[in-house]
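The values are calculated or read from the model by the stated rules, or taken from the named source; none is laboratory data. Bear in mind that the values here come from a model prediction, so they are computed numbers and not experimental data. Every residue, glycine among them, receives a Cβ derived from its backbone with ideal geometry; neighbour counts consider all protein chains shown. Each accessible area value is taken on the protein alone, full model and side chains, heavy atoms only, with ligands, DNA and RNA left out. Shrake-Rupley method; radii C 1.70, N 1.55, O 1.52, S 1.80 Å.
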Amino acid sequence: MEAIPVAELADDVQPMADAHSTLGLAEMLLKEPARVNALTRDDTRQGELLPRFLALALISFSIYAVALALVLRAAPAEALPPFLAEPWSAGTLQPALALWAGYTLGMIAASGICLPSFYFFGLLSGVRVSVLQTVAHVLKGKGATSIMLVGLLPIYVAIALGMIVFKAPADTLQWSVYLGLALPFVAGLWGVRSIYQGFMALADTLPEEQRCRRACFLRRLTVAWSICYTAVTPVMIYTLWDFFTRKLA
Amino acid sequence: MTLLDTTLLIYLLLGAGVAGAVYLSDMARSPAERWFQVTTALIFWPLYVPLLLQSRRSPATTPHPPPTHEEDELTTAIARADGELKAALNTLDGWPDDVLQRERGRICELHAAWIAQAERIRDLDRLLASPEYSESSTDLLVGLPAWPDGAADHVSEHPLHAPDTLGQNVQRLREVRQRAYADLMDSLAGVRRLVAMIHLARFSGAPAARAQELVGQLAAAFEGLSGDTKGEVNP
């Protein structure tokens, strides 16, 4: 094996993100996902990481709910989807609160519901994983979703508000509202990817002789769980949104 | 009160219990963190229950790969090369994911090939350590029942029964073992050299395209090991 040709030294060394703060964790999710994976596996750090991931998710979904409420409030009534037209035409604060509660609580509650199945899938594939590690991986995925959502949101809001200001046709505006409602699921693909990578890294706890075969099984189970989670989340959001809309009306 | 209301009430009651436990625990570093955790535990208590239960356990429960056979020189060498390789690959986040994903299967196969080769060497060691094969070819015939008159000459003409053929086969077994051991060590050393090159490329700001070339060499290492393994049994 020949030696690598000597290349120019890197100009500057990237400063490492602070793993002990919520903002540092957000930075790490973007820049050093492998380091976050390693931290997630560290039993001594999970107690600190879990509330931080949760805080990231709550903040991000709250920002999203506020932005979407602004878009829905600014959109003309004929551009709103039929199931939103009635509550949002009253001009009160209640629909916005119901929207916030539905999305913020629904996204996280869906993770809680899918958690046992994810833990069970992990055990079924043979990886050595604790319930706490499973929670940490799922919340890490939620954190990654949050970061992506906050990244996509300004682009979406700019486009949607632009369409409202320039009086785009009602049909087109309605599609932009649908896109806004689906935005957390688009961002959720990034979170699912993060969970997938984290869980696949656990394959090194499998016995060496069976690792290749079992890792393939684990991959399929993780994909199956992702599909299950993707199906549960909209149902959970819709149920909670409907519940809070009726309660707050 | 509807079924949903009742369920919600029970859910929040459980949440209040968990929130109280979170308040009494020592998870938070500051009062603000404590109140955030207590508030969120009230609503998202299923996420906090494992945390509360786990925090009382000793760190010794951290999962580790289970030992599959007793530690020996080969196991240690494989574990060392494997650990270094994984650590190096984990540092390649800035490099193309598709390259790593494509080669991940090959890396996995390489690891399996190491394990298989090590097991083969152990089998050979066990065989060569048995009394039947530990002696010289001349000694192998000592203690055998005497041949009938004339039969020994006839039998010894057959190549499989000649005393020097037995000795040569034992010698060949030893050579096969030595070659298998050398191949395994060469493969491990090659991967460790490659790991050093990956680190060097990363810290010297080498372009991302270099990842494909370096990681691709792992496939060559695997093919070299498996090719040597297949080709060496040639009686």
Exercise. For B:THR165 and A:PHE120, FRET efficiency with R0 = 41 Å and r from the beta-carbon atoms, rounded to 0.05?
Worked result: 0.10
Problem set entry | Projected area averaged over orientations for the range A:205-249, convex hull of C-alpha atoms, nm² | 4.0
Exercise. Hey, can you rank A:107-120, A:23-36, A:152-165, A:129-142 by average C-beta count inside 10 Å, highest first?
Worked result: A:129-142, A:107-120, A:23-36, A:152-165
Seminar exercise, completed: For A:LYS247, the lysines lying under 30 Å Cα to Cα, once residues fewer than eight places off in the same chain are dropped, come out as A:LYS142
For this session: Kindly rank A:77-89, B:31-43, B:109-121 from highest to lowest mean number of other beta carbons found within 10 Å of each residue.
Result: B:109-121, B:31-43, A:77-89
Seminar exercise, completed: Expected integer from the mean partner chain Cβ neighbour count at 10 Å over B:48-54 is 6
Exercise. Taking each residue of A:193-204 in turn, how many C-beta atoms of other protein chains fall within 10 Å of its C-beta, and what is the average?
Worked result: 1
Seminar exercise, completed: So A:ALA158 and A:ALA74, fully extended at 0.36 nm per residue minus their Cα-Cα distance, gain in nm 29.0 nm
For this session: Evaluate E = 1/(1 + (r/R0)^6) for B:ARG120 and B:LYS86, where r is the Cβ-Cβ distance and R0 equals 25 Å; express this FRET efficiency to the nearest 0.05.
Result: 0.60
For this session: Enter the mean number of other protein chain beta carbons within 10 Å of the beta carbon of each residue in A:124-136, as an integer.
Result: 3
Problem set entry | Carbon plus sulfur fraction of accessible area for the range A:113-249, probe 1.4 Å, in percent | 73
For this session: At 7 Å along the Cα-to-beta-carbon direction for both B:LEU13 and A:ILE59, put a label point, then send me their distance in nm to one decimal.
Result: 3.6
Seminar exercise, completed: For the pair B and A, the solvent-accessible area buried on both sides (1.4 Å probe; DNA, RNA and ligands excluded), in Å² to the nearest hundred, is 3700
Exercise. To the nearest 0.05, how large is the calculated FRET efficiency for B:THR2 and B:ALA196 if R₀ is 60 Å and r is the Cβ-Cβ distance?
Worked result: 0.35
Exercise. Using the heavy atoms of the protein chains alone and a 1.4 angstrom probe, what is the accessible area of chain A per residue in square angstrom?
Worked result: 47
